[in-house]
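The values are calculated or read from the model by the stated rules, or taken from the named source; none is laboratory data. Since we're looking at a predicted model, the values are computed, not measured. Cβ sites come from the backbone with ideal geometry, for glycine too, and all protein chains shown count toward neighbours. Protein only, heavy atoms only, side chains kept; ligands, DNA and RNA dropped before computing areas. Shrake-Rupley method; radii C 1.70, N 1.55, O 1.52, S 1.80 Å.
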Amino acid sequence: MRTGADLATIRERKPLVHQITNYVVMNETANATLAIGALPVMAHAVEEVEEMASAAGALVLNIGTLSRHWIEAMLLAGKAANAARVPVVLDPVGVGATRLRTDTARRILDEVDVAVLRGNAAEVAALAGLESEIRGVEAVGAEGEGSQIARAAARGLGVVASVTGPVDHVSDGNRTLAVTNGDPLLATITGSGCMSSTLTGCFVAVRPESLAEAAAFGLAAFGVAGEDAARGAEGPGTFHARLYDALYALTPEALDGRANIGDA
Amino acid sequence: MRTGADLATIRERKPLVHQITNYVVMNETANATLAIGALPVMAHAVEEVEEMASAAGALVLNIGTLSRHWIEAMLLAGKAANAARVPVVLDPVGVGATRLRTDTARRILDEVDVAVLRGNAAEVAALAGLESEIRGVEAVGAEGEGSQIARAAARGLGVVASVTGPVDHVSDGNRTLAVTNGDPLLATITGSGCMSSTLTGCFVAVRPESLAEAAAFGLAAFGVAGEDAARGAEGPGTFHARLYDALYALTPEALDGRANIGDA
Amino acid sequence: MRTGADLATIRERKPLVHQITNYVVMNETANATLAIGALPVMAHAVEEVEEMASAAGALVLNIGTLSRHWIEAMLLAGKAANAARVPVVLDPVGVGATRLRTDTARRILDEVDVAVLRGNAAEVAALAGLESEIRGVEAVGAEGEGSQIARAAARGLGVVASVTGPVDHVSDGNRTLAVTNGDPLLATITGSGCMSSTLTGCFVAVRPESLAEAAAFGLAAFGVAGEDAARGAEGPGTFHARLYDALYALTPEALDGRANIGDA
C-alpha cells in the first residue's frame, strides 16, 4: 500500500482540515493535525462554516459536545462540503447515550453524504441498528465483531465505516481491512478517538478516491505513533505529550515498514 | 479511613461523572477522571443534560465560563440529578468577581440540593456571607481561617463545604477534616482547583452516604498525586503532564499510606 | 531596555489579564499567563464582560472561534476597557479566510480603541489593505516585508502593530523594532500565536505608556522561553510542556541578557 507515500503527500500539500468538534479535544486534534503535517482550522459559526468547509481538503464533524447552533452549523458545513466535493468524516461521540446524540448523528447521516463514519464498536453498531449485539456503551466486542459491525454499517449506511478498538476495522461494505497498530495507553487519554477521526480527515484529504484505504492509513499512522509514544512514557500524561512528538517524527519509510494493515 | 478501598472501588465500578464545566479545563478534568479510573462525560445542551445527569454516578457543575444557556443547563441537570439521587458537586469559580458569577452560584445553591461545595477560601467565604474576612479574591487566609470558613459555609448553606488551599478543610458543619497533601506546583497550573472538584465527584460517586469523607478522600488522592508529579518535574508544564501519570499510577495501598487526613 | 524589570513588575503586581479567546487555546493561554506571573481570567458572557474588563490590567480579544454572542461580548468588553483605560490587544486569527473574520476584525478596530494588533504577516497585511503583497494565508514574506507591513498597519489603523514570524516586527508607525528570539518548534504547536498575544497583554498591563516597547518585550520573553524549551525537547509535544516550564523559570536577568530587540 501507499501509506508512506500518502504521508509524504500530506506534508507536501498541507491540506486544510476543517473541524467542527467538541470543546474537550479541540486543542488536541489541532495539534495532531499539525504534527502529521496538515493544517487545522476550527470554525463553527453558521455565518462562516460553508465558506470554510468549501475551501478545505476535508471536513470532520464530531458530536462530542452538542448544542443547537452547532448542529445547525454541522449540517450547513456538511452540505457545503458535499457541494464542493470535500470528503466528510463523522465521529458520532457518545451516540446511544442520549436521544440528542442519536438523533443528531442520524440526521447528519441522512442530510449529508458522509464519506467515513469513525467510531468505536458500540457507537457504529448503534447507528447500524445492531444495538443488541453490543454489551454496554464502553464495551467492545471480540475481533470478529468489529469486522462484522464495520461491514454491516458500511452496507446499511452507505459509508466507509471505521471501527476502532484493540484491532481497528475499516469496511466499504465489500472489502474490510484490519489495522493492528496501537498501544493500550491510547485508551487512557481523552480524545484519542477524536484524534483518530482527525487523522482520518488528513488522509482522506489526499486520497479521496480510495476512502477505505485512506481511513485505514490514518488509523495505522496514529497507531504507529502511539507505539512510539508509549516507549519511554511513564503514564497517560507523558504519553500524551510524546504522542505529538511521535506523529511529528513519523517518516514515510517508518510508516510503510510498520503499518499493519491486512484483509479482515 | 477507607481511602484506598474507595479508589479501588472507583477503578472497579468506573462511575460516570457528568461534568458541565468551563471551556478552559474540560480536557484536563476529563483526563483526570480517566486517570483516577472513572469515566468522564461532558454534555451541556439543555436537550440532553437531564438524561445524562440521571444516568451518572455524580454531577459536577463548574461556573468558570458562564453564559445564559449553560446556566439553564446547570439548573436542569442539577434538578435531574437530585431526582435520581445523584450527588452534585458545585465549583463556584470566580464567585465574587462579577455579579453574574455570584448570582449564578447562589441560584444553583437555592434551586439544587448541592452535596459538596468545593472552592478556595475566598469563593466559599463569599457564598457563606463572610466576605469581610477575606483579603482579595486570590488571598487565602491562615489555616484556622480555612477551617472556620468550611464550618460556617457547611452550616449556613447546608452542604459539605470543601475549602482548598495550602491545607484543605472539609466540613459537614459538625466534623471538620484537614487534608495536608499537595505540592505548591499545583497552584502554577490552571484548572487544578477544577480537577480537585472533579476528583471529588469521582469519590462521592462511590461513597454518597459519607460525603465529607468522600470529599476529603478526593482531595487527598489529588494531593498525593501532586506530590508524586512534583518529583522530577522541571516546572508547571512537565508537572502538568506528570500529574496524570501520578493519578494513573496511584495504588490503593499508596493512597492509604500517604493520605494525610485528620480532624481540624 | 527594561525588559527584565517589566518581567519583575508582572510577577510583583500580578495583573489580571482578561481574555476573550478561542476554544482551542484557552487552557494554553491561561497557563502561559500564570507561568509568566500574571493572572488569567476567561469570561465571555455579555452579562459580565464589561465588569471583568474594567477591573483588568489588560484585555485580549482573539477571534479564533467566533459566533454572534462572542462578537457582541468582545465589542462590549473592548468599549468598557477603553472607558477604564485598560489597554486592548487584538489577535485577528484567520482574518481573510472568511468574510465573518474579516468583518469582525474590522468592526472591532472601528468601534474599539485597540492598543496592539498582534498577528502574522498575512493577517496584519489583510487588515492594512496590503493583501496583494501577501502570497497565501500562511505564507510569510521576507524580513523586510514584515517590517513594512507593521509600519503600514500602525499608520493606517492607528495601532501598535506587532507582526510575528521568523523575525517579529513591532511598529508604532514611527519607530519599528525587530525581535529575533524564538525557535522553529513554536510553529509546530497550535496556539503559539495566541500565547504571544496573551504575553503581549501581560506586558502592556505593566507598561501601558510605551505600548510598542511592551509588545516587543512580550515577544522577546516568549521567544527566549521558546529557545529554552527547545533544548531537550523531542518534538512538539514535549516542547509544548517545556514551554511553560521555561516561561516560569525565566528570570529578569536572563531576559535582559538574551532579549534580542533592535531597531528594524
Counted residues in the range C:74-123 being within 22 Å of C:GLY191 (Cα to Cα) and not in a helix (DSSP H, G or I) come to 19
Identity of the residue in the range C:64-116, at positive phi and open to solvent by 30 Å² or more (accessible area, probe 1.4 Å), that ends up modelled with the lowest pLDDT
C:GLY96
Taking the range C:14-28 and the residues there that are within 9 Å of chain B (Cβ to nearest Cβ) and closer than 17 Å to C:GLY64 by Cα, the one that is surrounded by the most Cβ atoms within 10 Å (Cβ to Cβ) would be C:MET26
So which residues in the range A:17-33 are without any contact (Cβ under 8 Å) to a residue 60 or more places away in the chain and out of contact with any helix residue (DSSP H, G or I) (no Cβ under 6 Å at 6 or more places or on another chain), if there are any at all?
A:MET26, A:ASN27, A:ALA30
Name every residue in the range B:150-159 that is crowded, with 24+ Cβ neighbours inside 10 Å and outside any helix (DSSP H, G or I), in order of residue number.
B:VAL159
Filtering the range B:232-251 down to residues that are open to solvent by 30 Å² or more (accessible area, probe 1.4 Å), under 18 Å from B:ALA35 (Cα atoms) and more than 9 Å from chain A (Cβ to nearest Cβ) yields B:THR251
Subset tally (residues that are in a loop (DSSP other than H, G, I, E, B), free of Cβ contacts under 8 Å to residues at least 60 places away in the same chain and touching a helix residue (DSSP H, G or I) at 6+ places or on another chain (Cβ under 7 Å)) for the range B:160-188:
6
Residues of the range A:47-63 classified as within 12 Å of another protein chain (Cβ to nearest Cβ) and either more than 22 Å from B:MET42 (Cβ to Cβ) or out of contact with any helix residue (DSSP H, G or I) (no Cβ under 9 Å at 6 or more places or on another chain) (or both), total
9
Restricting attention to the range B:194-215, does a residue exist that is part of a helix (DSSP H, G or I), within 14 Å of chain A (Cβ to nearest Cβ) and touching a Phe, Trp or Tyr at 6+ places or on another chain (Cβ under 6 Å)?
no
Go through the range C:222-241 and give me each residue that's over 22 Å from C:ASP168 (Cα atoms) and either part of a helix (DSSP H, G or I) or small (Gly, Ala, Ser) (or both).
C:GLY232, C:ALA233, C:GLY235, C:GLY237, C:THR238, C:ALA241
Within the range A:124-149, of all residues that are in a loop (DSSP other than H, G, I, E, B) and open to solvent by 50 Å² or more (accessible area, probe 1.4 Å), the one modelled with the highest pLDDT is A:GLY129
Being closer than 22 Å to B:SER210 by Cβ and either away from chain A (no Cβ under 14 Å) or in contact (Cβ under 8 Å) with a residue 12 or more places away in the chain (or both) narrows it down to one of B:LEU7, B:LEU66, so name that one.
B:LEU7
Given (1) out of contact with any strand residue (DSSP E or B) (no Cβ under 6 Å at 6 or more places or on another chain); (2) among the charged types (D, E, K, R); (3) more than 22 Å from A:ALA56 (Cα to Cα), where does C:ASP103 come up short, assuming only one miss?
(3)
Residue under question is A:ALA229, and the condition is that it be within 14 Å of chain C (Cβ to nearest Cβ), under 19 Å from A:THR164 (Cα atoms) and either open to solvent by less than 10 Å² (accessible area, probe 1.4 Å) or not charged (D, E, K, R) (or both); does it hold?
yes
Evaluate the following for B:ASP183: is it crowded, with 22+ Cβ neighbours inside 10 Å and in contact with a Gly (Cβ under 7 Å, 6 or more places away or on another chain)?
no
Selection status of B:ALA254, assigned to a strand (DSSP E or B) and more than 25 Å from B:GLN19 (Cβ to Cβ)
no
